[in-house]
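Notes follow once the structure below has been shown.
The values are calculated or read from the model by the stated rules, or taken from the named source; none is laboratory data. As the structure is a computational prediction, the values presented were derived from the model and not from experiment. Cβ placement follows ideal geometry from the backbone for every residue including glycine, while neighbour counts extend to all protein chains displayed. Ligands, DNA and RNA are stripped out before the accessible areas are found, and what is left, the full protein with its side chains, is counted by its heavy atoms. Shrake-Rupley method; radii C 1.70, N 1.55, O 1.52, S 1.80 Å.
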Amino acid sequence: MISVREFAVLTTQDGSFSIDRATISDADFAWLADSSRRSAENASFINVTGRGTLTVQNYVGVLRLPSGNEIEVLPKHTHDLDSVHGSRQLLFRMIAQSLGISPRVAEAANLKVLNRPFTEWMAETFLREALVLLSRGFRRDYLLTETKERSLRGRLHIARQMRAGPADATHFHVEHDIYSFDRPENRAIKSAVRMISRQTAVASTWQTAAELLNLLGDIPESRDFTSDLRNWRSDRLMAHYEPLREMCSLILTGRTPFAVSGPNLAQSMLFPMEKLFEGFVVRAVQKALPAAFQVHRQPRRHKLCHFGSAQWFDLRPDLLVTRDEEAWILDAKWKILHGVEKEHYGLSQSDFYQLNAYGQTYLGGTGDLFLIYPRTPGIPAFGKPFRMQPDLRLYVLAIDLEDGSVDLSPIKESAGRVVDNRRSNSSAVGLHT
């Protein structure tokens, strides 16, 4: 397996190997280059830069090639050459938080599979959660079935009974409900376990999957992944299924722009790094704010402009935080800042334009905006906000990639000021009365 990080160079030429440069075979290069030409989605993952040379883009995860080779792409979170273990641990941690995997399971998996690719870590984590769910009990549901019985059971199907004729006069054509494990969530879980058993290269994972398949023997496998995942229920009675939902979808569908198809080819798993970081930030913000605050991901409440009666171009910030009538805009940026003030610390003018547009439409030009970057050794400490408009402020914050902590005190302080103002206004009204 080849382990590199975002924007690494893959080449057929011999040379020194590092986490930013690796050598691949001519056959693997030809397949990657051909896939890039044939698919616009695949082209977003790789960029052919020259004869025998290509660059991977900002996707992380594992790509399995038809030759059987694997390319593992890890996050690039500093300018220095990080160890593969450190970058892999960061990837596991970000995926665990983004998917809502419990810290207990995530930490145990990190210790055991740190030398394995992401797909094996995901398989082991999924099987652990499936065993926990099995110990709590799989849910059953009533399933309507049509059968032919010697005694009347359920509701007689009159039309079928009349079409049967005298030759079938000793049987009743009936419909009745059975209390069955055959429901979309259980079918999807069993199919994911079956897929793991076929693809894993780790003996202990295969053994666990085989044992789990025996325990799930009465549950049929999914015939339509998309339909079963779409019909996965999220009500109160299904709350204990939630830890498996995202992982199950990932294992069955791959969610990858690289469609590696064929009867003998394993599935790849690749994440757009911006989306993965956004999910990491969403979970961190939800943990950092009290329950009175609502966190809305990718809202679509406003358009950028009107053309006649039509509205054009969605304005979709990563996060909209609300409390009563108050609102704050947060945007996550997977970029590395530095300490050079002459270069604006690496801050992008286009990002500031984007946040200004959000502030005008969502906040009416008054309020607080936030840009959240990964905390790295060279990131400066911005002690005060940028003034966008007289009443529109932009804070630049850093999130800790180790524990997901982020300082959201400006939100809490501004919310507190609003509460104090309301109380003082109420007191003034009472005195006046």
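Of note:
- Region 24-72, subset modelled with pLDDT under 85 and acidic (Asp, Glu), residue farthest from MET269 (Cα to Cα): ASP34
- Residue match in region 369-383 (condition: at pLDDT 90 or above, more than 28 Å from the chain's Cα centre (by Cα) and assigned to a loop (DSSP other than H, G, I, E, B)): no
- Pair list, Cβ < 9 Å and 6+ apart or interchain, from region 340-358 residues that are open to solvent by less than 70 Å² (accessible area, probe 1.4 Å) to residues that are part of a helix (DSSP H, G or I): VAL340/GLY346; SER348/GLN354
- The residues of region 10-34 that are β-branched (Val, Ile, Thr), part of a loop (DSSP other than H, G, I, E, B) and over 13 Å from GLY50 (Cα atoms), listed by number, are ILE19, ILE24.
- Helices (runs of 4 or more DSSP H) contained in region 155-231 and holding at least 2 residues in contact (Cβ under 8 Å) with a residue 24 or more places away in the chain and either within 20 Å of MET122 (Cα to Cα) or out of contact with any Pro (no Cβ under 7 Å at 6 or more places or on another chain) (or both): 184-199, 203-215, 225-230
- Taking first residues from region 50-76 that are on the phi > 0 side of the Ramachandran plot and partners that are assigned to a loop (DSSP other than H, G, I, E, B) and of a type outside the set (Gly, Ala, Ser), the Cβ contacts under 7 Å between residues at least 6 apart in sequence or on separate chains come to GLY52/THR12; GLY52/GLN13.
- All positions within region 180-230 that are of a type in the set (Gly, Ala, Ser) and either more than 15 Å from THR253 (Cα to Cα) or surrounded by fewer than 19 Cβ atoms within 10 Å (Cβ to Cβ) (or both): SER180, SER197, ALA201, ALA203, SER204, ALA209, ALA210, GLY217, SER227
- Enumeration of residues in region 365-377 that are out of contact with any helix residue (DSSP H, G or I) (no Cβ under 9 Å at 6 or more places or on another chain) and surrounded by 15 or more Cβ atoms within 10 Å (Cβ to Cβ): ARG375, THR376
- Number of the exception - GLY15 against (1) within 28 Å of the chain's Cα centre (by Cα); (2) free of Cβ contacts under 8 Å to residues at least 24 places away in the same chain: (1)
- Residues in region 385-410 that are out of contact with any strand residue (DSSP E or B) (no Cβ under 6 Å at 6 or more places or on another chain), under 21 Å from ILE95 (Cα atoms) and not small (Gly, Ala, Ser): ASP400, GLU402, ASP403.
- Just one of (1) without any contact (Cβ under 8 Å) to a residue 60 or more places away in the chain; (2) more than 28 Å from HIS77 (Cα to Cα) fails for TYR362. It is (1).
- Among the candidates ALA210, ALA201, residue that is modelled with pLDDT of 90 or more and more than 19 Å from the chain's Cα centre (by Cα): ALA210
- Complete set of residues in region 1-24 that are within 22 Å of PHE118 (Cβ to Cβ) and open to solvent by 30 Å² or more (accessible area, probe 1.4 Å): MET1, ILE2, PHE7, VAL9, PHE17, SER18, ASP20, ARG21, THR23
- Yes/no for ASP391 being among the charged types (D, E, K, R), open to solvent by 70 Å² or more (accessible area, probe 1.4 Å), modelled with pLDDT of 85 or more and in contact with a helix residue (DSSP H, G or I) (Cβ under 9 Å, 6 or more places away or on another chain): no
- No other residue among ARG136, ARG140 is touching a Lys or Arg at 6+ places or on another chain (Cβ under 9 Å), within 30 Å of LEU99 (Cβ to Cβ) and modelled with pLDDT of 70 or more apart from ARG140.
- Taking region 46-65 as the range and being open to solvent by 20 Å² or more (accessible area, probe 1.4 Å) and among the β-branched types (Val, Ile, Thr) as the test, the residues that pass are VAL48, THR49, THR53, THR55.
- Flag for PRO103 being modelled with pLDDT under 75 and either out of contact with any strand residue (DSSP E or B) (no Cβ under 8 Å at 6 or more places or on another chain) or of a type in the set (Ser, Thr, Tyr) (or both): yes
- Restricting attention to region 277-312, the residues that are open to solvent by 60 Å² or more (accessible area, probe 1.4 Å) and modelled with pLDDT of 85 or more add up to 7.
- Odd one out for SER249, checked against (1) buried (at least 21 other Cβ atoms within 10 Å of the Cβ); (2) within 21 Å of the chain's Cα centre (by Cα); (3) among the hydroxyl-bearing types (Ser, Thr, Tyr): (1)
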